[in-house]
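J.: A single structure is presented below for examination.
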Amino acid sequence: MDLSAAQRGRYRIAFSRPASLPGVTVGQFWSDGHLFTCVTDRYASALHLSGQSEWSLRGRRWLSGPGTIDVKVPGEVFAEHARHGQRRFQVVLFDPRLVDEARATLDCTVSAPTENALGSHDPRVAPLASLHHVLLRDDASPEELEGVSCDALRALCEF
């Protein structure tokens, strides 16, 4: 069943794959009405840039707004329940193989995060926030991207 544009709201999604970051995909999302429900197929970190979203994951409810970093792992069902204002966020998707290799190198166990929405100032997600902010810039060098992505991947593995 297809809903009218007025019922589903307007949204725009754009994906890119930085050449200097194999195994990483970056998505930009803009939405003023469409509520998202999906099953993640990769490890994900999302930085909320505008709007607020109420969503659930593994039976818990979360609230994300500007500056919030969301963390998700493959196979999880994410359901957005409400939105306040136009929502804009950036998502960084890490291929499972990349995360698995990093976990093995760092000798980290695999587990789902107990907290999925944290302020970007939280030290646990600060490296992920740094990666997001560098990816938002147009002038980031490949070396800078590689450095912040290594730190972000370590944070994701140790989360």
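Every number in this text was worked out from the coordinates using simple rules, so none of it is lab data. Just so we're clear, the structure is a prediction, and the values are computed from it rather than from any experiment. Cβ atoms come from the backbone with ideal geometry, glycine included; neighbour counts cover every protein chain shown.
J.: Please report the Cα spread of the chain along all three principal axes, rounded to whole Å, starting with the longest.
T.: The Cα atoms of the chain stretch 48, 37, 31 Å along their principal axes.
J.: Compute for region 119-159: radius of gyration divided by Kirkwood radius, i.e. Rg/Rh, restricted to C-alpha atoms, rounded to two decimals. Each step should come with its number before you reach the end.
T.: On the way: Rg = 10.0 Å, Rh = 10.2 Å.
Rounded to two decimals, Rg over Rh is 0.98.
J.: Want the number for ILE13 to ASP95: 0.36 nm per residue separation, take away the alpha-carbon distance, what's left?
T.: Working: separation 82, 0.36 × 82 = 29.52 nm, distance 1.90 nm.
Contour length minus the Cα-Cα distance gives 27.6 nm.
J.: Okay, helix-only estimate at 222 nm for the chain: each DSSP H run of n ≥ 4 adds -39500 (n - 2.57), divide by all residues, round to 500 deg cm²/dmol; what do you get? It would help to have the intermediate numbers written out before the result.
T.: Numbers: 4 runs with 43 residues, N = 159.
Result for the chain: -8000 deg cm²/dmol, rounded to the nearest 500.
J.: List the trypsin sites (Lys or Arg not before Pro) in region 26-70 that DSSP assigns to loop (not H, G, I, E or B) and whose Cβ has at most 15 other Cβ atoms within 10 Å. Which are they?
T.: Details: sites: ARG42, ARG58, ARG60, ARG61; in loops: ARG42, ARG58.
Here the trypsin sites (Lys or Arg not before Pro) that fit, given the DSSP loop and packing criteria, are ARG58.
J.: Give me the Å³ per residue figure for the convex hull around the C-alpha atoms of region 91-137. Write out the running numbers ahead of the final one.
T.: Details: hull volume 4.8 nm³, N = 47.
Expressed per residue, the convex hull around the Cα atoms of region 91-137 is 102 Å³.
J.: Applying 1/(1 + (r/R0)^6) with R0 = 35 Å to the Cβ-Cβ distance of ASP107 and HIS81, what FRET efficiency is obtained, to the nearest 0.05?
T.: Values: r = 38 Å, r/R0 = 1.08.
For R0 = 35 Å, the calculated efficiency reads 0.40.
J.: Something else: Can you give me the long-range amide H partners of TYR43? Hydrogens built in the peptide plane at 1.01 Å from N, cutoff under 5 Å, separation of 5 or more residues or another chain.
T.: PHE94
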